[in-house]
């Protein structure tokens with residue numbers, strides 16, 4: 001178990017580094033994953049460290065993220081390394097997810113905070129422009145606590161486009177492109 005925890009901690013650290021490095025890149029769907037990622041073996045017990053990565057033509061790493069409200073069993077098993085059937089059931093039990101906080105609370109009943117953070121590197125809860133809390137908004141690349149608060153205080157937005165216009169005052173053009181992938185439309 002100690003080895004598994006060390007392995008998970010290393011994976012989380014690596015994923016955090018990769019997320020920072022790829023913050024400007026929109027997530028792709030699991031259907032777009034490289035054949036290598038799709039052929040990865042998925043087991044309920046810990047095995048070799050693998051990540052759900054796709055390398056773009058320019059060499060930039062893109063992490064595949066799963067919409068928790070529009071996921072399939074196969075997406076979970078193919079995308080999240082060492083993800084077992086028990087957790088598939090737990091992920092589906094709490095749909096629809098309204099916030100990343102809800103995900104943390106519900107899945108945190110079954111695994112520790114470190115494992116929840118690991119899962120978060122593969123999933124997201126869709127953002128509702130007029131209802132999402134700050135933590136859920138912060139899933140969008142480039143969103144900080146301050147930006148989330150500014151966006152929440154500018155509510156209500158008349159449309160998704162109005163939200164994106166307000167968001168463009170705070171983050172880069174590349175991050176804006178990624179942001180649309182996180183919105184519930």
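The values are calculated or read from the model by the stated rules, or taken from the named source; none is laboratory data. Just so you know, these numbers come straight off a predicted model, no measurement behind them. Cβ: placed from backbone, ideal geometry, glycine included. Neighbour counts: every protein chain shown.
Worth pointing out:
- Against the numbered list (1) assigned by TED's automatic domain parsing to the domain that holds residue 77; (2) under 22 Å from residue 72 (Cβ atoms); (3) touching a residue at least 24 places away in the same chain (Cβ under 8 Å), residue 101 comes up short only at (2).
- Evaluation of residue 158 against (1) in a loop (DSSP other than H, G, I, E, B); (2) closer than 30 Å to residue 83 by Cα; (3) out of contact with any helix residue (DSSP H, G or I) (no Cβ under 6 Å at 6 or more places or on another chain) (one fails), failing number: (2)
- Per-region count, the range 98-130, residues under 19 Å from residue 141 (Cβ atoms) and assigned to a loop (DSSP other than H, G, I, E, B): 7
- Residue within the range 172-184 that is touching a helix residue (DSSP H, G or I) at 6+ places or on another chain (Cβ under 8 Å) and part of a loop (DSSP other than H, G, I, E, B) present: no
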